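What follows is a single structure, written as structure tokens, with notes after it.
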Amino acid sequence: QTGPVIDMPVPASFNDITQDPSLENYIGWVWYEKEVLLPLRWLQGDPAPRVVLRFGSAHYYSIVWVNGVQVVEHEGGHLPFEADISSVVQGSPDPLCRITVALNNTLSPHTLPPGSIQYMADKSRYPKNYFVQDTKFDFFNYAGIHRPVVLYTTPAAYIDDITVTTTSSDSVGRVQYQVSVLGSTASSLSLSLRDQEGKVVATGDGPVGELKVLNPNLWWPYLMHENPGYLYSLEVKMQAQVGEVLLEDVYTLPLGIRTVHVTSTQFLINGRPFYFHGVNKHEDADIRGKGLDWPLIVKDFNLLRWLGANSFRTSHYPYAEEIMDLCDAYGIAVIDESPGVGIKLPESFGNRSLQHHLAVMEELVRRDKNRPSVVMWSVANEPASELPPAAHYFKTVIAHTKALDPSRPVTFVTDANYALDRGAPYVDVICVNSYFSWYHDPGHLEVIPLQLTAQFDNWYKTYQKPIIQSEYGADSVPGLHSDPPLMFSEEYQQAMLREYHSVLDKKRKEFVIGELIWNFADFMTNQGTTRVLGNKKGIFTRQRQPKAAAFVLRDRYWKIANESSCLPPVITSHSFYL
């Protein structure tokens, strides 16, 4: 023990839990420790079961010990990692299991997201050894064990991975599957696909094959079909002979049958044009920071459906698996983004950074490859893609992602000039962030029609690819009013949205395939002279209460949904409850 010991909930960020201001902005190592009693049946048997320790995520660099034995190291703050701890716990006569985690939230030019440590050497202005963490992204670098930590078991021979891809045509759905088994070279596999009523609609066997489903219920996004988010259940059963014992492992995978295709002007889901009318989000809330919070998650999905949003981007890192599960079930289409935000420095485009970025994409694709809600991968947000090394960097990352998953389009989100962007040639969809009349020409709403129209026309003329307005918006302090509209008032946020919407209404008839507001809700950032307790671009407050802009967006999204849907029109009102 080298410092004070305090109680710390998991999952949660540690920053806002205490009254200690030094913990709020702490950079460096922290230690977690917990002791649990394992069931005796986990420690016995011939063969004994595998005992696995799994972390949903921990930010940023983790080293884990069990009973004093190091079992895993992991770099990256937003994806799961696990360790087989069987040999450690089963070799001990004591069922007590002590789990120790050393966690470091320091960001360097080669982490994802990148950062740098700035040492302040002027002793007349700063204390000895004073430093700050510098980052090039606009959200607070919350740290801690952010997602659940679980212990689970499998047989000694077990199902290690499942990969499914789906197609459909002529009233037949096809599910291509590949199953890997570890722990045995002589296993058998049987598969059953069940519909939502529990009826078996297809069966198969072996590690590789195809299931055919007659007249399938396709997975459709919210508001695109009367029964969105339809999920089948794929039950995979393994049997393996290990010595004298027949082992069995069963895994059930939720599965949606759907296709995604991109043309030069459209994004097609199941062959029908899909228009992204959605949001950008953050995993961010009072007190728990980025810690998983079920009530907040369910509240957010209720707000998304009230809003008429059919999609969101996981800005700017992969979100919790629990959130992704609900996207699958509710039919919310997802642009699944890596933590590649703030890649600004030339050294962040070198081979060391590139190799880590490739590894992160492998982890992300492995986690989310089977999700019907994930319709596109995003490898980065607002990188310095005009720099010369960006061409090789993004060509490599995108090609690697496509090799891992040929079934989905790949993009990154740019704020570079269309004529200078060296990564854009390699994306399938152009995603553009712009803040006309906010960061550019602040206060001048009248420039939006000209500048936004030119933005879209220039990008499309250059690349002939469909375009998503992946961010736009304005800060508004709730309750601050001004007429005529002035910056930071709720009226200005409304006015900016309407100016953008008038241009989007023209361009969505041509080649614009979506719009994602920045942001769904206010969120915490580093302190700064332009940030009043965080970023205020949310259409909801951090406590999930609506600003005036929420109603503007709700009217718009339901109107778009009614125009493009085969469903009977939905009548909306300004009542907050649908």
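Summary table below
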| item | result |
| --- | --- |
| Cα-centred dipole magnitude for the stretch 21-154, charges only on beta-carbon of K, R (+1) and D, E (-1), debye, nearest 20 | 180 |
| At R0 = 35 Å, FRET efficiency that the Cβ-Cβ distance of K509 and A548 yields, to 0.05 | 0.80 |
| Relative contact order of the stretch 158-255, pairs being alpha-carbon contacts under 8 Å that are 6 or more residues apart, as % | 27 |
| Considering only the stretch 274-564, percent of DSSP beta bridges that pair antiparallel, nearest 5 | 10 |
| Residues with amide H under 5 Å from that of V374, placed H, sequence gap 5 or more | V334 |
| Estimated dipole of the chain in Debye, rounded to 20 [Cβ of Lys and Arg +1, of Asp and Glu -1, Cα centre] | 800 |
| When each of K281/K461; K507/K559; K369/K461; K344/K537; K369/K537 is checked by Cα-Cα distance, pairs over 21 Å | K281/K461; K369/K461; K344/K537; K369/K537 |
| Å² per residue, accessible surface of the chain at 1.4 Å | 43 |
| Principal axis box of the stretch 396-497, alpha-carbon based, largest edge first, Å | 52, 27, 17 |
| Rg [Å, one decimal], Dmax [Å, integer] - the stretch 285-333, C-alpha atoms | 10.8, 30 |
| Nearest-0.05 FRET efficiency for S188 and L268, computed from C-beta distance (R0 41 Å) | 0.60 |
| Amide H contacts of D441 (H built 1.01 Å from N, under 5 Å, at least 5 apart or other chain) | none |
| The chain: C-alpha gyration tensor shape, a/c 1.5 cut-off, then a/b vs b/c | oblate |
| Distance between modelled label sites at A399 and A121, nm, 7 Å Cα→Cβ extension | 4.1 |
| Percentage relative contact order, the stretch 274-564, counting C-alpha pairs under 8 Å, at least six apart | 18 |
| Global geometry of the stretch 274-564, whether rounded, prolate or oblate, following the gyration tensor of its Cα atoms and the 1.5 cut on a/c | rounded |
| Shape call, the stretch 21-154: gyration tensor on alpha carbons, a/c limit 1.5 | prolate |
| Rounded percent of accessible protein surface that carbon and sulfur make up, the chain, 1.4 Å probe | 54 |
| Accessible area, probe 1.4 Å, largest first, for residues H356, H481, H225 | H481, H225, H356 |
| Estimated 222 nm signal from helices in the chain, with DSSP H stretches of n ≥ 4 weighted -39500 (n - 2.57), rounded to 500 | -6500 deg cm²/dmol |
| Dipole magnitude (debye, nearest 20) for the stretch 158-255, charges at Cβ of Lys, Arg, Asp, Glu | 220 |
| Calculated FRET value between E210 and V132, using beta carbons and R₀ = 56 Å, to 0.05 | 0.50 |
| Linear extension gain, K299 paired with L450, 0.36 nm per residue minus alpha-carbon span | 50.6 nm |
| Amide hydrogen neighbours beyond the local backbone of V279, cut-off 5 Å, H modeled | S311, F312, R313, I517 |
| ³J(HN,Hα) computed for each position of the stretch 129-144 - Karplus, 6.51 cos²θ - 1.76 cosθ + 1.60, integer Hz, glycine/proline x | 6, 7, 8, 9, 8, 9, 10, 10, 9, 10, 8, 6, 7, 4, 9, x |
| Under 15 Å, Cβ to Cβ, from L345 - net charge with Lys/Arg +1 and Asp/Glu -1 | -1 |
| D94 versus D170: modelled label distance in nm, points set 7 Å from Cα along the beta carbon direction | 6.7 |
| Set of the stretch 137-181 residues, backbone N closer than 15 Å to the point 7 Å along the Cα-Cβ line of V242 | 152-161, 181 |
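The values are calculated or read from the model by the stated rules, or taken from the named source; none is laboratory data. Remember, predicted model here, so these are calculated numbers, not experimental data. Cβ sites come from the backbone with ideal geometry, for glycine too, and all protein chains shown count toward neighbours. Note: accessible area is taken over every heavy atom of the protein model, side chains too, but ligands, DNA and RNA are not part of it. Shrake-Rupley method; radii C 1.70, N 1.55, O 1.52, S 1.80 Å.
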